[in-house]
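> Dropping the structure in here first, questions after.
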Amino acid sequence: MKDQISKQLLVSGIEIELLRKNVKTIRLMVRAPRGQVRVTAPMRTPEAVVMNFIESKIAWIRKHQERFAQRQSLVNYEFVSGEKHLIWGREVELKILNNQPVNAAILREDGLYLCFKKQNSTPDDRALLLKHFYQKQAAQILPDMAAKWQKIIGVKVESFQFKQMKTKWGTCNTRTHRIWLNLELIKLPPVGLEYVLVHELVHLLEASHNARFYALMTQFMPDWKTHQNMLRNYSIREE
């Protein structure tokens, strides 16, 4: 038997990917950035049961697809002066300056300045400089945060890295003790990064999302559900 089977459905005009896996319950996810819908169901659950579940969630799906559609209109960036971008949960105005002494990204009270030595910087130039700015922000905040939580939880990580990820806020290799974090976290309030960091560190004590894992999360970060709900406004999953 295959580990998983994928099938495309059309329910009430909504395209849905049905994924059959060795799981115990039906799960529904509406994913960034375009509100794609995936339903994961146990191998042996009758399709009629799955369809009834989906149909009962149509209003929920449409609500979150509309939210993603509104957000998508905000993230089709052109990287021009006056455009609004997020840093640590705060919206800042982009200001493009060409013919400058050095290439640099400078955050001030009145906006985020992207400075270029060349006379005509391109959107790709600006996107790359902004990415480097986010990486520097991550490098500044993560070491102290990671040291604090490794001591509290009682684990040791070999390395942390930030990278762009489409479907996950973080991931942990429990064998090598390496953790990767989504660079998009730099756009959210710092507690979002802290929650994901703690989540991945706890996986070094318990690899599965089981009762022991969630008990450990509550032990180390009692308000973790509040932070999880904040992230679900950016990547919606119903479990």
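> Quickly run through the stretch 2-25 and pick out the residues that are β-branched (V, I, T) and open to solvent by less than 40 Å² (accessible area, probe 1.4 Å).
Of all residues in the stretch 2-25, those β-branched (V, I, T) come to 5, 11, 14, 16, 23, 25.
Across the stretch 2-25, the qualifying residues are V11, I14, I16.
> Here is a list: A211, A147, A138. Which entry is of a type outside the set (F, W, Y) and surrounded by 12 or more Cβ atoms within 10 Å (Cβ to Cβ)? Step through it out loud before you land on a result.
Numbers: A211 fails: surrounded by 12 or more Cβ atoms within 10 Å (Cβ to Cβ); A147 fails: surrounded by 12 or more Cβ atoms within 10 Å (Cβ to Cβ).
That would be A138, the only listed residue that is of a type outside the set (F, W, Y) and surrounded by 12 or more Cβ atoms within 10 Å (Cβ to Cβ).
> One residue is enough: does the stretch 181-204 have a residue meeting the conditions at pLDDT 95 or above and among the small types (G, A, S)?
No, every residue in the stretch 181-204 fails to be at pLDDT 95 or above and among the small types (G, A, S).
> I've got another one for you. Confirm whether E93 is in a strand (DSSP E or B), on the phi < 0 side of the Ramachandran plot and open to solvent by 30 Å² or more (accessible area, probe 1.4 Å).
Answer is yes for this residue.
> Sticking with this structure for a sec: Report whether or not L19 is part of a strand (DSSP E or B) and farther than 27 Å from M165 by Cα.
When the stated conditions are applied, L19 does not pass them.
> Moving on to the next point. Name, by its number, the condition in (1) touching a residue at least 12 places away in the same chain (Cβ under 8 Å); (2) more than 30 Å from R232 (Cβ to Cβ) that does not hold for E93.
Every condition holds for E93 apart from (2).
> Could you please find all residues in the stretch 162-171 being open to solvent by less than 40 Å² (accessible area, probe 1.4 Å) and under 15 Å from L142 (Cβ atoms)?
G170
> Does K156 fit the bill of being touching a helix residue (DSSP H, G or I) at 6+ places or on another chain (Cβ under 8 Å), among the basic types (K, R), open to solvent by 60 Å² or more (accessible area, probe 1.4 Å) and modelled with pLDDT of 90 or more?
Spelling it out, K156 is indeed touching a helix residue (DSSP H, G or I) at 6+ places or on another chain (Cβ under 8 Å), among the basic types (K, R), open to solvent by 60 Å² or more (accessible area, probe 1.4 Å) and modelled with pLDDT of 90 or more.
> Any chance you could count how many residues in the stretch 26-53 are part of a loop (DSSP other than H, G, I, E, B) and either modelled with pLDDT under 90 or farther than 23 Å from W169 by Cα (or both)? Reasoning before the result, please.
Let us first name the residues in the stretch 26-53 that are part of a loop (DSSP other than H, G, I, E, B), namely 26, 32-35, 43-46.
Subsequent filtering for residues that are either modelled with pLDDT under 90 or farther than 23 Å from W169 by Cα (or both) retains 32-35, 43-46.
Looking only at that region, the number is 8.
> For the stretch 173-198, which residues satisfy the criterion of being open to solvent by less than 30 Å² (accessible area, probe 1.4 Å), more than 10 Å from the chain's Cα centre (by Cα) and free of Cβ contacts under 8 Å to residues at least 40 places away in the same chain?
Of everything in the stretch 173-198, those that are open to solvent by less than 30 Å² (accessible area, probe 1.4 Å), more than 10 Å from the chain's Cα centre (by Cα) and free of Cβ contacts under 8 Å to residues at least 40 places away in the same chain turn out to be I179, Y195.
The values are calculated or read from the model by the stated rules, or taken from the named source; none is laboratory data. Since the structure is predicted, the reported quantities are computational estimates derived from the model, not experimental observations. Note that we place each Cβ from the backbone using ideal geometry, even for glycine, and neighbour counts take in every protein chain shown. When the accessible area is computed, the model is the full protein with side chains, heavy atoms only, and any ligands, DNA or RNA have been set aside. Shrake-Rupley method; radii C 1.70, N 1.55, O 1.52, S 1.80 Å.
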